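S.K.: Structure in structure tokens, see below.
Just so you know, all these numbers are worked out from the coordinates, no wet-lab data involved. Please read all numbers here as calculations on a predicted model, not as lab measurements. Glycine gets a Cβ as well: all are built from the backbone with ideal geometry, and neighbour counts include every protein chain shown.
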Amino acid sequence: MDPKTDIQIFVSDEVAKGFYATTSAVYHSQNEFLIEFISNFPPKAIMGSRSILSPTHAKNLLAILQHNVELYEKNNGPIPTPHNPKQEMN
């Protein structure tokens, strides 16, 4: 393992079990993006996580997600989007 390039990532048991999000909210300011992952099962909704990203990391995440969605759709067909994903939430 090269100490200059390899990083060990430690994951708590709580994080390792994951969180099923049925929706998300995205906000931004000039300096950061905030992404909230929410599990909405009425009568209540629970925020499972909140991530704060620099604009550079947000753009990298967008590219990685776009690439993976394209791969998924190539293998499984188009993903339906029943609601407006471009709804602004500032």
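S.K.: ³J(HN,Hα) across the stretch 5-14 via Karplus (A = 6.51, B = -1.76, C = 1.60, θ = phi - 60°), whole Hz, x for Gly/Pro?
M.R.: So the J values, rounded to whole Hz, are 10, 8, 10, 7, 10, 9, 10, 5, 4, 4.
S.K.: With unit charges on the beta carbons (Lys and Arg positive, Asp and Glu negative) and the dipole taken about the Cα centre of the stretch 19-76, which residue among 43, 72, 60 sits farthest to the positive side?
M.R.: The residue sitting most towards the positive pole is 43.
S.K.: With springs connecting C-alpha atoms under 10 Å apart, model the chain as a Gaussian network and identify which of 77, 48, 18 has the largest mean-square fluctuation.
M.R.: 77
S.K.: Which order do 64, 7, 35 fall in if you start with the one that has the fewest other Cβ atoms within 10 Å? Walk me through the numbers before you get to the answer.
M.R.: Details: 64 10, 7 6, 35 17.
Final ranking by Cβ density, sparse to dense: 7, 64, 35.
S.K.: Rg over Rh of the stretch 19-76, using C-alpha atoms and the Kirkwood radius, what does it come to? Could the numbers behind the result be given before it?
M.R.: Values: Rg = 13.6 Å, Rh = 12.9 Å.
Rg/Rh: 1.06.
S.K.: By how many degrees, 0 to 90 and rounded to 10, does the Cα axis of helix 55-76 deviate from the longest principal axis of the chain?
M.R.: Here the helix axis deviates by roughly 70 degrees.
S.K.: Determine the calculated [θ] at 222 nm for the chain from helices alone, applying -39500 (n - 2.57) to every DSSP H run no shorter than 4 residues and normalising by the residue count; nearest 500 deg cm²/dmol.
M.R.: Values: 2 runs with 26 residues, N = 90.
Counting only the DSSP helices, I get -9000 deg cm²/dmol.
S.K.: With +1 on each Lys and Arg Cβ and -1 on each Asp and Glu Cβ, and nothing else charged, work out how big the dipole of the chain is about its Cα centre, in Debye to the nearest 20. Intermediate results must be reported in sequence, preceding the final value.
M.R.: On the way: 7 positive and 9 negative charges, 40 e Å.
Dipole size: approximately 200 debye.
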